[in-house]
Amino acid sequence: MRDEVIRRARGAVAALVLAGLVVAPWVVDDYTTAILARTLALALVGVSVALLTGVAGMPTLGQTAPYAAGAYACVVVGSRISDVGVVQLAVAAGAGAVLAALTVPLVVHARGVIVLMITLAIGELVVTILGRWRSVTGGTDGLAGMPAVRPFWGLPPLASDQARYLYTLVVVATLVGAALLLLRTRAGLLLRAGRDDETRLRASGHRVPLHVSGAHIAAGAIAGGAGSLLVVAQQYISPADFGFDTSALLLLGVVIGGTASIGGALVGAALVIAVRDWLFGVLPGHAPLVLGALFVATVYLLPSGVNRARVRLRASSAAPSHPQAPPARDAATVPELRA
Amino acid sequence: MMAVVAAGTNRIDPYVIPALDGVAYGLLVFVAASGLVFCFGVANILNLAHGTLYAIGGYTAAALLDGGWASLALALAVGVLAAGAAGVLLAGLLTPVATGNHLTQALLTFGVALAGGSLLVAGFGPDDPQVRVPAALEGSVVVAGHRYAAYRLVFIVVAAAIAAALYLVVRRTRAGMLVRAAVDDAEMVACLGVSPARIRAGVLAAAGALAGAAGVLGAPIIGPGTDTADTVLLLSLVVVVLGGLGSMAGTLLAALAIGEIQTLGVALLPSAAPFLLFAAMAAVLAVRARGLASRWGAT
Amino acid sequence: MPHTTPWHSRALGATLLAVVLTVGTACGDDGPGPSASGSIKVGLLASLSGTYQSVGTEIRDGFQLYLDTHDGKLGGRRVDLVVADEGNGAQTAVPAATKLLKQDRVAALTGIVGGGSVAGVTPLLEETKVPLVGSNGRPELKDVSRVWHTSYLSDEPGEAIAQHVRDTVQGSVYAIGPDYQGGWDELRGFTDTFVKIGGKLANSDGKTTFTPFPATTNFTPYFARIKASGAAAVYTFYAGSAAVDFVKQYAQSEIKDVPLYAAGFLTEGGVLNAQGDAARDIFSVLNYSPDLDNAENRAFVAAWKAKHDGSPTTYALASYDAAAVLDRAIGAAGSDPTPEAINTAIGQLGQIASPRGTWQFSTTTHSPVQKWYLRQVRQDGRALSNTVVGDLATVGR
């Protein structure tokens, strides 16, 4: 009964937020619209982080890698082949998926903090390559001056902050909707089941690594798509956009939003990025201090969540002192991921 | 014959100093990271503010060192105390999330690191401060026909002594026994009547003290500055995870390996320098994870 | 379905962040350009936190010094200076610049430490038609119609010192620098010119050695290679913490007696204090030194020392000059100094008197045509300072 009420309330809140986002460009100034568009792109990467962290049980710091691949692929296509948004989006998502597929062998067997470190390494390596592959990426100073995007064949190019924002919003809504639908399918259920009890799922004959690989590639495609949106929203990209700060903030945003919930992750990541960007504008010199204090405060405002550790002190089961123990993904390093 | 010998020395010769320096660098990373091993292995805390504890030591050294031996002793004492106290403070802040999950701890400690880092810069200024080592160590000495910084040579000895002392403490004392027991079975230790909050405070104080000591002694090598905390945190996380999340010996090996990769590896393969650290880490971790998974699959 | 955190408490956390946001966005949105009261809004974007904070504060203080010594006015109008934080690079600089340009609607933008940040801001300048008078980083740009720099192009210091190194050093020179755009440009400026006039590089393949940036904190392995190369001198460019590490380790290394030549940033400002005695005798090339003997510089240095510890740097000077440029341009832009009018006026300034000596904007690159000086780190009273020991080429295209 209570669950039903909460579910409806959440639906209502989601509808309200969406309505607010649709009318926003007519209510707020150009600055806010431009920042919202950029934030939405990053929040979509947050969704892909949540898909891996919360749903598949693999906390990641490396989603900036497919995000970057998508963004740079989109620029290459945009400046040489096509200025049509859906084409760029498809190419970017494909590039993200390919990069994610290439890194699957590195992450598919790892769990918990080990995944965090492997994905961190992947992200850093990609940023290093981007900085050095100057003929394509423009090096560390980045690329600007891409031609304006037209969303679809025959439509005019996106020339104003409002237009760019609405295009971003439509794409984000579509991709998030697709991700939500995907999670309702059998594949989504199996993915969550694997996160909750990998041993039992394996015992019943399911191939957990296959599900995890699929989720990794799907998350890569979403992050890649978000990359093409960053190009639209910001009209400039550089390796700095895909650095460690971005992946750390996205992961923390997803933690704030609730790792297992796609909507929560979207809101959490968007809020963290927006607060950071806003602080750098209004409190010059004090942004890191205030942002840090806000993170600490947020932990204290989520007391029931952080206290309700279902798996108390079971960390040792994943420590290398018991290498024979099954690397249960849920038990030690990310216990809150049990839904 | 003579020519062959000369050619052989010449080929090895340019790598003597990098190899030696890799030991100094690796030992520094080990002392800096050793506290993080305790956080992880004993208290099960993912502490992203660990680099900030090192930076506290580094700034203390810069503020107190004046080129004399007495100031070095003073800086070491103050740095260890200050960073240890910061560790206790952190343990207090961590109380509500201590039994929780690593990601929430990461959120909290990342926040502390961000705020703490900017407080340090606000207090000590944005410029890298000057670090003045005792005058006797300021110059360089000749090692195998090459000049090498005297301070780093002495640091190798001191850091090796710290590593040995750590080993003895963990192996031979009651505190060390508790630590090893907690790594193996935390619930067991809780049953012994040692309060988890006290273990946590003790562990973070020890971690802070070690990081502070590393910060003071390592200030002439990885000096205090706006990016110090990030650099040290990243290197520490890398060696702790590579070392197996809770093993001192593993961490020492990983630290020495990282030290050599960052110096000897760079000297041998300069064009690969930007990729060496992370490529090596990702490869080792992925292979090890695959090994665990396959062993599990076989049983 | 039970959730990880009850959604209401999660919502509480989210609300906290959201409230912080709305409070902020609710305030401030004034009209563009000059307001009716005869004041004018200028936006200053600089790294006031993070890795480049020391450069960023110099830039802010240099601009503020000009305002303080000119009644807070530029071109006869009271200046409303809006400061924003560039952070570590484009990822934070772009949103902060968006605020200055689209919410505060500044009439001109100045500052910006990083070249990547400038590159990220240029699409916004094109869109809002606001000029940038940058005072530090300058990337390669296709279109400079609204971009002006009072600093330099990154390859110019090396270009200016190459002839001197060629004439002075008996033997080959080893070139080493940080692996990012600024490093590539600084080193290319030197090596291209040096090789063209017959100099020989000691690097094994004739190519500059680039060190991972900012990851390199230990230069020992590179010094071993320099030793093995038998170089008679080293040319380098580093700034900030990397400059401190490089110089301190160089002085303790086996190549400590090999003469070190550098782009002036290696020993400029705060890093020189951190380097201490290790920096003694280093030769560097820069467009400014506080001991230059001219009336503008004496006034500038005196005013600076009245407010700050130590001497002004080239960063502060460039920002001071950016204010001077805006002062004259706003004055020349007439009764309605719109961003477009200011931009046009900057292009017609001609010679600009400055503490570094007189300079002017190049018509093609929109960066200074200026004289460069050879400096050496020497004892000056109790402290070390960069003392001018000679004039080098005048460079600018």
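The values are calculated or read from the model by the stated rules, or taken from the named source; none is laboratory data. These numbers come from a predicted model, not from an experiment. Cβ atoms come from the backbone with ideal geometry, glycine included; neighbour counts cover every protein chain shown. We work out accessible area using only protein heavy atoms, side chains counted, and drop any ligands, DNA or RNA first. Shrake-Rupley method; radii C 1.70, N 1.55, O 1.52, S 1.80 Å.
Would you tally the residues in the stretch C:137-146 being touching a strand residue (DSSP E or B) at 6+ places or on another chain (Cβ under 7 Å) and crowded, with 24+ Cβ neighbours inside 10 Å?
The qualifying residues number 1.
Considering only the stretch C:81-167, give the strands (runs of 3 or more DSSP E) lying wholly within it that have at least 1 residues that are within 12 Å of another protein chain (Cβ to nearest Cβ) and more than 17 Å from C:Leu44 (Cα to Cα).
Filter on the stretch C:81-167 gives an empty set.
Given the condition more than 18 Å from B:Pro18 (Cα to Cα) and open to solvent by less than 20 Å² (accessible area, probe 1.4 Å), answer yes or no: does some residue in the stretch C:193-200 qualify?
yes
Touching an Asp or Glu at 6+ places or on another chain (Cβ under 9 Å) and basic (Lys, Arg): which single residue out of C:Arg188, C:Arg166 fits that description?
C:Arg188
Here are some conditions: (1) touching a helix residue (DSSP H, G or I) at 6+ places or on another chain (Cβ under 9 Å); (2) at pLDDT 90 or above; (3) open to solvent by 30 Å² or more (accessible area, probe 1.4 Å). A:Leu182 meets all but one. Which one does it not meet?
(2)
Please state which of the following conditions A:Val86 fails to meet, knowing it meets all the rest: (1) farther than 27 Å from A:Gly188 by Cα; (2) in contact (Cβ under 8 Å) with a residue 40 or more places away in the chain.
Going through (1) farther than 27 Å from A:Gly188 by Cα; (2) in contact (Cβ under 8 Å) with a residue 40 or more places away in the chain one by one, A:Val86 breaks only (1).
Mind checking which pairs have a first residue in the stretch C:211-222 that is at the interface with chain B (Cβ under 7 Å from one of its Cβ atoms) and a second that is part of a loop (DSSP other than H, G, I, E, B), Cβ under 6 Å, 6 or more apart or different chains?
Sorted first by the residue in the stretch C:211-222, then by its partner, the pairs are C:Thr217/B:Ile222.
Kindly check whether there is at least one residue in the stretch B:107-124 that is among the aliphatic types (A, V, I, L, M), more than 24 Å from the chain's Cα centre (by Cα) and within 13 Å of chain A (Cβ to nearest Cβ).
Checking the stretch B:107-124: at least one residue is among the aliphatic types (A, V, I, L, M), more than 24 Å from the chain's Cα centre (by Cα) and within 13 Å of chain A (Cβ to nearest Cβ).
Hey, can you tell me all the residues within the stretch C:122-136 that are within 11 Å of C:Ala318 (Cα to Cα) and open to solvent by less than 10 Å² (accessible area, probe 1.4 Å)?
Those that are within 11 Å of C:Ala318 (Cα to Cα) and open to solvent by less than 10 Å² (accessible area, probe 1.4 Å): C:Val133, C:Gly134, C:Ser135.
The rows are residues; the columns are (1) surrounded by 15 or more Cβ atoms within 10 Å (Cβ to Cβ); (2) modelled with pLDDT of 85 or more; (3) assigned to a helix (DSSP H, G or I).
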{"position": "B:Tyr148", "(1), (2), (3)": "yes, yes, no"}
{"position": "B:Tyr151", "(1), (2), (3)": "yes, yes, yes"}
{"position": "B:Ala161", "(1), (2), (3)": "no, yes, yes"}
{"position": "B:Ala164", "(1), (2), (3)": "no, yes, yes"}
{"position": "B:Tyr167", "(1), (2), (3)": "no, yes, yes"}
{"position": "B:Leu178", "(1), (2), (3)": "yes, no, yes"}
{"position": "B:Val183", "(1), (2), (3)": "yes, no, yes"}
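Against the definition (in a loop (DSSP other than H, G, I, E, B), in contact with a strand residue (DSSP E or B) (Cβ under 7 Å, 6 or more places away or on another chain) and touching a residue at least 24 places away in the same chain (Cβ under 8 Å)), how does C:Asn203 come out, yes or no?
Taking the combined requirement at face value, the residue satisfies it.
If you take the residues in the stretch C:311-352 that are free of Cβ contacts under 8 Å to residues at least 60 places away in the same chain and assigned to a loop (DSSP other than H, G, I, E, B), which one is farthest from C:Tyr152 (Cα to Cα)?
In this case the residue turns out to be C:Ser335.
When the stretch B:265-299 is examined, which residues are found to be open to solvent by 30 Å² or more (accessible area, probe 1.4 Å), at the interface with another protein chain (Cβ under 7 Å from one of its Cβ atoms) and either within 16 Å of the chain's Cα centre (by Cα) or modelled with pLDDT of 85 or more (or both)?
The answer is B:Phe275, B:Ala279.
For the stretch C:233-266, name all the residues that are touching a Lys or Arg at 6+ places or on another chain (Cβ under 8 Å), of a type in the set (Ser, Thr, Tyr) and more than 8 Å from chain B (Cβ to nearest Cβ).
Result: C:Tyr250, single match.
Given the criteria more than 9 Å from chain C (Cβ to nearest Cβ) and over 19 Å from A:Val127 (Cα atoms), does B:Gly250 qualify?
Here the answer is yes, as B:Gly250 does meet what is asked.
Across the stretch B:202-221, which residue is farthest from the chain's Cα centre (by Cα) among those that are within 17 Å of B:Val80 (Cα to Cα) and part of a loop (DSSP other than H, G, I, E, B)?
B:Pro220
Condition check ((1) of a type in the set (Gly, Ala, Ser); (2) modelled with pLDDT under 90; (3) open to solvent by 40 Å² or more (accessible area, probe 1.4 Å)) across all residues:
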site	(1), (2), (3)
A:Ile262	no, yes, no
A:Leu279	no, no, no
A:Pro288	no, no, no
A:Arg314	no, yes, yes
A:Ala328	yes, yes, no
A:Thr333	no, yes, no
A:Arg338	no, yes, yes
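Given the structure, is A:Val255 among the β-branched types (Val, Ile, Thr), open to solvent by less than 10 Å² (accessible area, probe 1.4 Å), modelled with pLDDT under 95 and over 10 Å from the mean Cα position of the chain (by Cα)?
no
Are any residues in the stretch B:60-108 open to solvent by less than 10 Å² (accessible area, probe 1.4 Å), modelled with pLDDT of 95 or more and of a type in the set (Val, Ile, Thr), and if so, which ones?
none
Take the stretch C:204-247 and flag every residue that is of a type in the set (Phe, Trp, Tyr) and open to solvent by less than 40 Å² (accessible area, probe 1.4 Å).
Listed by number, the residues that qualify are C:Phe219, C:Tyr222, C:Phe223, C:Tyr235, C:Phe237, C:Tyr238, C:Phe246.
Which fully enclosed helices (runs of 4 or more DSSP H) of the stretch A:181-257 have 3 or more residues being more than 29 Å from A:Leu294 (Cβ to Cβ) and within 14 Å of chain C (Cβ to nearest Cβ)?
Fully inside the stretch A:181-257 and qualifying: A:186-196.
Determine if the stretch B:238-253 includes at least one residue that is under 25 Å from B:Asp128 (Cβ atoms), of a type in the set (A, V, I, L, M, F, W, C), outside any loop (DSSP other than H, G, I, E, B) and open to solvent by 20 Å² or more (accessible area, probe 1.4 Å).
No: zero hits.
Name, by its number, the condition in (1) open to solvent by less than 20 Å² (accessible area, probe 1.4 Å); (2) part of a helix (DSSP H, G or I); (3) modelled with pLDDT of 95 or more that does not hold for C:Ala299.
Condition (1) is where C:Ala299 drops out.
Which ones in the stretch C:206-237 are among the aliphatic types (A, V, I, L, M) and in a helix (DSSP H, G or I)?
Listed by number, the residues that qualify are C:Ala224, C:Ile226, C:Ala228.
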